[in-house]
Amino acid sequence: MQAITLKYKSQGVAKYYFIAALVLFTAQIIFGITLGLQYVIGDFAFPYIPFNQARMVHTNLLIVWLLFGFMGSAYYLVPEESETELYSPKLAMVLFWVFLVAGALTIVGYLAVPYAKLAELTGNELLKTMGREFLEQPLPTKVGIVVVCLAFLFNISMTVLKGRKTSISLVLLMGLWGLALMFLFSFVNPDNLVRDKMYWWFVVHLWVEGTWELILGALLAFVLVKTTGVDREVIDKWLYVIIAMALITGILGTGHHFFFIGMPGYWQWVGSIFSAMEPIPFFMMTVFAFNMVQRRRRDHVNQAALLWAVGCSVVGFLGAGLWGFMHTLSAINYYTHGSQITAAHGHLAFYGAYVLVVIAMISYAMPTLRGFEANNRRAQAFEMWSFWIMTISMGLMVLALTGAGILQVWLQRMPTDGTAMPFMATQEQLRFFYWLRVGGGVGFLAGLLTYLYSFFAAPGSQDSEEQSSTGLFQLRPQQRV
């Protein structure tokens with residue numbers, strides 16, 4: 001492959017964020033397999049890693065590594081879109097180490113200290129914010145996240161303001177600012193349970209089905225611009241329509257979480273109608289991606305990045321759209337809420353929408369950060385294999401969880417003889433599906449390791465003699481920041 005030089009040297013900081021994201025992603029999958037085994041082998045890894053601690057680490061790593069991926073993508077994308085160097089590369093590197101160390105210490109705290117003791121040690125009595133799913137972080141960590149996000153947004157915003165403004169960079173900026181603002185609701189923890197759940201969903205739902213969708217749209221559009229060569233005007237029109245639909249359906253679609261928590265009854269109608277419309281922006285993303293591929297004016301050498309981008313639109317539609325629609329209407333959600341069907345939807349939606357778009361960005365950007373337009377053919381072959389291994393393995397997990405959820409609803413919530421089967425007795429009937437989920441998780445880890453190996457398969461290829469001296473952690477001299 002042809003050797004290139006980064007047009008904007010400050011883009012090099014993205015490399016550190018991408019590497020951290022992939023390391024944390026691997027750790028998340030390992031803890032996920034641990035959880036899967038604990039479903040079928042109750043005392044697996046006990047007392048060293050109890051189920052509640054493993055679950056906290058698994059879900060928190062998901063959030064943290066995706067944030068690293070979003071930040072790295074922004075540091076790579078914004079200078080190129082703005083046609084100017086990053087406002088402060090030094091600030092970006094300081095924030096990287098602060099965020100990484102804070103995240104690592106928080107995970108160590110989860111594993112080393114009982115959660116109640118951790119809350120006592122970190123001053124939770126000053127402002128009670130701990131104890132809620134996905135928002136288990138101690139108060140100092142939450143404050144640190146806010147500081148890091150504000151400094152990050154200052155860096156990105158100043159870069160955009162001093163350079164060219166494009167639809168991609170502005171949509172990305174809007175999504176990132178929305179992400180930071182919605183996180184502030186994690187500090188609101190009222191005694192009233194209804195208000196507590198309402199504010200909790202303001203963070204969780206308006207992240208993954210609101211502001212994150214703007215980030216997803218911007219990153220997907222950027223990769224497609226670069227790999228297809230389609231005119232920006234065409235992509236911009238698609239992007240505006242997609243994000244408009246995402247915001248309209250995503251914001252009011254929050255109502256499907258209000259069905260049974262004590263909110264007014266009209267939310268059953270609002271939540272059902274607008275949640276039923278939430279697959280529309282994801283379907284539009286699928287049509288958008290295939291349309292851009294058909295219109296493409298160039299065959300980019302990085303075909304692996306294009307595969308990840310198209311795969312993101314398709315699997316995202318299946319997970320967030322189809323599997324979400326399966327149980328989003330209030331009359332159906334009455335039976336399926338909190339079942340394994342919810343877990344099936346969550347796994348496929350996160351993988352399709354956010355995991356794949358971050359990997360698409362890494363797949364496109366990392367070769368250029370290492371000094372080449374794209375990885376060699378051998379490395380791209382490993383990448384493509386990893387895509388199919390991970391996607392098929394995730395499909396196995398999701399089908400297993402869907403089967404478990406349907407049986408769970410049938411036995412526990414829709415008994416034919418009028419007597420519901422007890423929870424633990426129902427879980428015993430689901431063991432076959434849980435073992436299938438473990439198999440899917442192991443296969444997914446194998447696919448992820450195949451992807452990581454592709455980085456080491458890139459150097460030393462017959463495609464370019466110059467690649468032999470380029471390693472994963474090595475920046476070429478002209479790229480140093």
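A few points about this structure:
- Formal net charge of residues neighbouring R164 (Cβ-Cβ distance under 12 Å; K, R +1; D, E -1): 0
- Averaging the Cα positions of each part gives two centres, and for segment 205-284 and segment 62-77 these lie 20 Å apart.
- Taking the C-alpha atoms only, the angle from helix 89-112 to the longest principal axis of the chain is near 30 degrees.
- Taken about its Cα centre, the chain carries a charge dipole of about 700 debye when Lys and Arg each add +1 at the Cβ and Asp and Glu each add -1 at the Cβ.
- For segment 133-274, the square roots a ≥ b ≥ c of the C-alpha gyration tensor eigenvalues yield an a/c of 1.5 or more together with a/b not exceeding b/c, which makes the shape oblate.
- Accessible surface of I30 - all protein chains present, 1.4 Å probe, nearest 10 Å²: 90 Å²
- Ranked order, M424, M174 - accessible area, probe 1.4 Å, largest first: M424, M174
- Exposure of Y351 as accessible area (Å², to 10), given a probe of 1.4 Å and all protein chains: 0 Å²
- Here I332 and F423 are evaluated by their C-beta separation; at R0 = 22 Å the FRET efficiency comes out at 0.60.
- Angle in degrees between helix 167-183 and the longest Cα principal axis of the chain, rounded to the nearest 10: 40 degrees
- Computed accessible area, E125, all protein chains, 1.4 angstrom probe, square angstrom: 120 Å²
- Calculated accessible area for segment 1-143 comes out at 41 Å² per residue, all protein chains present (probe 1.4 Å; ligands, DNA, RNA ignored).
- DSSP-loop trypsin sites (Lys or Arg not before Pro) across segment 1-75, with at most 11 other Cβ within 10 angstrom: K7
- Other residues within the sphere of radius under 11 Å centred on the Cβ of L224, judged by their own Cβ, net out at +4 (K and R +1, D and E -1).
- Chain lengthening between V146 and N192 when straightened (0.36 nm per residue, less Cα-Cα): 14.1 nm
- Shown are K226, K165, whose ranking by accessible area with a 1.4 Å probe and every protein chain present, most to least, is K165, K226.
- For T249, the shell of other residues with beta-carbons less than 10 Å away shows a net charge of -3, using +1 for Lys and Arg and -1 for Asp and Glu.
- Here the peptides 266-272, 191-197, 314-320 are ranked by packing, the mean other Cβ count within 10 Å, and the order with the highest first is 314-320, 266-272, 191-197.
- With all protein chains in place and ligands, DNA and RNA left out, the 1.4 Å accessible area ranks M421, M292 as M421, M292, largest first.
- Value at 222 nm in deg cm²/dmol, rounded to 500, when DSSP H runs of n ≥ 4 in the chain each add -39,500 (n - 2.57): -22500 deg cm²/dmol
- Cα long-axis angle, helix 303-316 against the chain (0 to 90 degrees, to the nearest 10): 20 degrees
The values are calculated or read from the model by the stated rules, or taken from the named source; none is laboratory data. Values in this document were obtained by computation on a predicted structure and should not be read as measured data. Using ideal geometry, Cβ is built from the backbone for each residue, glycine included, and neighbour counts are taken over all protein chains shown. Side chains included, ligands, DNA and RNA excluded: accessible areas come from the protein's heavy atoms. Shrake-Rupley method; radii C 1.70, N 1.55, O 1.52, S 1.80 Å.
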